[in-house]
Amino acid sequence: MADIYLWLVILLFGLAITDLIVGVSNDAVNFLNSAIGSKVAKRSFILIVASLGVFIGATFSSGMMEIARKGIFNPELFYFSDVMVIFLAVMLTDIILLDLFNTFGMPTSTTVSIVFELLGASVVVALYKILSATNEAHSLFDYINTDKAVAIIIGIFLSVFIAFNAGVIIQYISRALFSFNFQKRMKYVAGVWTGLSLTALSYFLVFKGMKGASFVSADTISWITSNLTLLLLGSAVFWIVVMQILVMFKVNVLKIVVLFGTFSLAMAFAGNDLVNFIGVPVAAFESFTAWKASGVAPDALLMVSLSEPVKTKTYLLLIAGLVMVVTLWFSKKAKTVTETEVNLGRQDEGEERFSPNMVARVIVKGTIKVAESVTYLIPVQFMNRLESNFKKNDIAVSISDDEKPAFDLVRASVNLTMASLLISLATSLKLPLSTTYVSFMVAMGSSLADKAWDRESAVYRVAGVVNVIGGWLLTALVAFSVAGLFAVVILAFDVWGVLSIVLVATTAIARSFLHHKSSEKKKEDTKKSEPLQVIVQQKELKQGILLLVNRHIGLTTSSLQISIQSLLDENEKLIRKSQAVVDQMKAEEQSILGGGLSILHGTSIEFLQTRQFVHTISYLQDLSQSCGLIADNVEVHVMNGHKPLSKDQKNILVDLETAMTEFLNDVNCQVVGDEINIDVTQKKVEKAIEQGMKLQFKLLKQNAVSKKNNTLMFRILLESRDVISVCNNMLKEFSTDTEALEELV
């Protein structure tokens, strides 16, 4: 029996390493977002700073480990065998849940995950004990540490409100002081402002953080507490003087705050969140040690020992810190999650990742009305003076999107300072505050105050925030339910239940790894083939347009082929593939139109090329619209199980697909400059369409087919004719004599 529990403890530590990897991949966004978004330094240097913070912060987390032992349930009422079921269910759930969010690049809360997993598994095990024991005198609420659990949950969700408002207020004040042209005001406000920021960070990270350190003696902590006021004043004077001297020597002290803030937030993250990853295995190891020493059966030893305060061994914290640092450097999923938050908070327009939803529209419209009402209450002169600080600097068009910072150093420093303060305060109070919630909401609040969400982008950014917060609520529900389910499986099937869940977790992680790798490769391939890259790098608009048309004609061919084939075979999988191609066409059009116009802004590219670019986008939109209508009608017909086409109708569609493929290939060849006469293939398409029309009119007259059949066939034939027309107009756009165009202009 002892061997089984020893192997389970070893399994838990193995799961802890995996959990550290997937957890850091998710939480790296919290402390990397501001530094990477503002491009304060090279990514490698930012990672070095963050790594130092993580490694040191790991040793400050000993005091937080009590959350896993007694923060959610009352261990003195559970036997050793009970707590092992709880701990196994929690760790297996955590790995699967966090890896799923990482794969899709959505930041979630490791704190919320662990709290609700502990709650779900504890409730199930407690109910099992109550139902299976006839002489059980305890109720469910006796087993759960209700007061502490409720306080933790309220604190986590209250942090969303506090963090957002703190970000709004402090960023608004900071921008009013610095303005977007902050270089001119550095000598007046930067020294004091950065000095106070560094003092605040020092206070919470050093003075408060030491209380949780495993290596700091009680006497040292007592001395710091007794001399706190003197230490704070000395720290403030020191930092303000040093920062002002550096400002006099033309040093950008905001960079120092951002880098120090990155270190601080990484340190606060490790100090607060390490319990989420190794707290459960450490508690399991301590439980196993107590059980081995007792010499009684696993279902006879109540875990009173978990109620006692215990300091975690420093070497365990250091090992955990090392794993976190390695993950920080090599995890590709960490980069994916970081991109989500940077995208939502960026200062400039561009491609939006999230689509607007009803909630976002209501929030934005309501906010606009409130803002307009408040404006009437403020004197116009004062408002104009205040608003002048929020006038954004134009960024040179020569800077590519990859080189352009998402936001400036002022906002980055506010994000880091406020998030560090709030997280460190919670750590000092031994509250497992969600670092993800705090960091994300501070960043969103500062984005709002900085007017990064203007009328053009607000609905998309708010939709993104709503989606992320919705994911957080889903995290709590799923964590509670799945941990409870896993506890049931383990209780019912014992070791075999554990092995089956481990197999499920391994399969899920492997599949998500392959999915993430595939999606990242597609993203990279798309970026490499992006026609706009040619425009940026070569300053050659016409070449970019030709590549764009060539790519889009290829997608049109694929969409038509897949749609017709899916109709002939009544294949639902092919239908989804066809819709995916259409979605890709529409997404690229939006991206290219917005990106192309931003590149054209302020350039010396001649009018005719600009006209050609805009007209070409219009033609491509017509192509995707035709492909979309065909795909939609085919989907309705097949998914609803309508009657299959007749043999003659299928033959018409086979001829149409072949002819359209040949025609579109000829169009592509002519676009790239080959001397090809497309009249032959165009006549083949027109002949196939005409034969299809005659057949359909004949069937209609004979009342041989249904209304749905008529709608489908006519839609395919008419949209195919539109594709021919659009392609011809597009070819004329490229072949029209330049002098004739100039006369029109």
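Every read-out reported here was derived from the displayed coordinates using simple, explicitly stated rules and does not represent laboratory data. Values in this document were obtained by computation on a predicted structure and should not be read as measured data. Virtual Cβ from ideal backbone geometry, glycine too; neighbours counted across all protein chains shown.
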### Task
Note down the nm distance, to one decimal, between modelled labels 7 Å out along Cα→Cβ at Lys184 and at Leu246.
2.5 nm
### Segments 79-91, 173-185 sorted - mean Cβ within 10 Å per residue, highest first
79-91, 173-185
## Note on the structure
Here, Asn640 and Ala297, labelled 7 Å along Cα→Cβ, have an inter-label distance in nm of 6.5 nm
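Going down the list Lys42/Lys250; Lys187/Lys369; Lys365/Lys391, which pairs span over 32 Å between their C-alpha atoms? Working shown, then result.
Numbers: Lys42/Lys250 21 Å; Lys187/Lys369 38 Å; Lys365/Lys391 23 Å.
In this structure, Lys187/Lys369 exceed 32 Å between Cα atoms.
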### Query
HN-Hα J couplings of the stretch 164-175 from phi, Karplus 6.51/-1.76/1.60, θ = phi - 60°, integer Hz, Gly and Pro as x?
5, 5, 4, x, 5, 5, 5, 5, 5, 5, 5, 5
### Query
Full extension from Arg611 to Leu474: what is 0.36 nm times the residue separation minus their Cα-Cα distance, to one decimal in nm?
44.6 nm
### Task
Quick one: which residues, 5 or more positions from Leu302 or on another chain, have an amide H under 5 Å from its amide H? H modelled 1.01 Å from N in the peptide plane, none for Pro or chain starts.
none
## Note on the structure
The extension gain from Asn710 to Ile378, computed as 0.36 nm times the residue separation minus the Cα-Cα distance, is 113.2 nm
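Highest mean first, what order results for 232-242, 439-449, 579-589 on Cβ atoms within 10 Å? Could the numbers behind the result be given before it?
Details: 232-242: 15.5, 439-449: 27.8, 579-589: 17.9.
Per-residue mean Cβ counts within 10 Å order the peptides as 439-449, 579-589, 232-242.
Order the peptides 673-680, 122-129, 705-712 from the highest to the lowest mean number of other Cβ atoms within 10 Å of their residues.
122-129, 705-712, 673-680
To the nearest 0.05, how large is the calculated FRET efficiency for Glu686 and Asp632 if R₀ is 35 Å and r is the Cβ-Cβ distance? Display every interim value, and only then the final one.
Working: r = 24 Å, r/R0 = 0.69.
Given R0 = 35 Å and the Cβ-Cβ separation, E is 0.90.
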### Query
How big is the gap, in Å, between the Cα center of the stretch 636-708 and the Cα center of the stretch 256-330?
66 Å
## Note on the structure
Length gained, Ile169-Asp494, 0.36 nm per residue minus C-alpha separation, equals 111.7 nm
### Task
Amide H neighbours of Phe73 under 5 Å, at least 5 residues apart or on other chains, H built in the peptide plane: list them.
Asn145
### Message
Spelling out what I want: for every residue of the stretch 460-467, take phi, set θ = phi - 60°, compute 6.51 cos²θ - 1.76 cosθ + 1.60 (Karplus), and round to whole Hz; glycine and proline get x.
### Response
6, 5, 5, 4, x, 5, 4, 5
